[in-house]
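The values are calculated or read from the model by the stated rules, or taken from the named source; none is laboratory data. Remember, it's a predicted structure, so these values are computed and weren't measured experimentally. Methodologically, a virtual Cβ is constructed for each residue, glycine included, from the backbone with ideal geometry; neighbour enumeration extends over all protein chains shown.
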Ligand code: CA
């Protein structure tokens, strides 16, 4: 799955590219509209993420020219919070969805998956498993030993990340960038608290324990004893 990201803000661009690559996508990043347009017209992408405010050729023009050239890949727009009319305009021009900045990476990923699925292109597995724990991405449902577990959106995103990267120790900074938004301060204990709550729901009444703390390093989900 190849994704084109057109974003002029270096911080956001890098954040998107890294996050998507860590999730397993191939990503091209263009820093302005002209580059983005060139890539969109010459390369094959499964999806494009377009920032609206770009120097030179803006996101609207990029989208218009992409559609005019007959490219029908799904397009996700990134807009600023106060630009409601932008969203309407984007959808009229043929964008498939939009996301308001700042956003959590998990939210972006959910949109990307929905768009890819709608295009019938996603071959991704829809259920993630570890021992008797199951996370159903489509139904947004988690069960352990067949018992339904209710999670908040953040807890769900956190568990999804841990399951995807099973056996890997995930540093807080990575968890912060994937589950919270890019400006999130990972020095706070928010992640710790969220992990604690997740454990309470997913591990406390069950064996084996799945979520483990690796002191000084981060967290890992694995079926160790
Ligand atoms: Ca911009």
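Key figures
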item	result
Count - residues of the stretch 55-79 that are away from the ligand (no atom under 14 Å from the Cβ) and not in a helix (DSSP H, G or I)	8
Options 86, 28, 51, 82; residue that is within 16 Å of the ligand (Cβ to nearest atom), within 18 Å of residue 9 (Cβ to Cβ) and at pLDDT 90 or above	51
Helices (runs of 4 or more DSSP H) fully within the stretch 125-225 counting 3 or more residues that are closer than 23 Å to residue 107 by Cβ and modelled with pLDDT of 90 or more	153-164, 190-202
Candidate set from the stretch 17-36 (those that are crowded, with 22+ Cβ neighbours inside 10 Å and in a helix (DSSP H, G or I)); member that is nearest to the chain's Cα centre (by Cα)	20
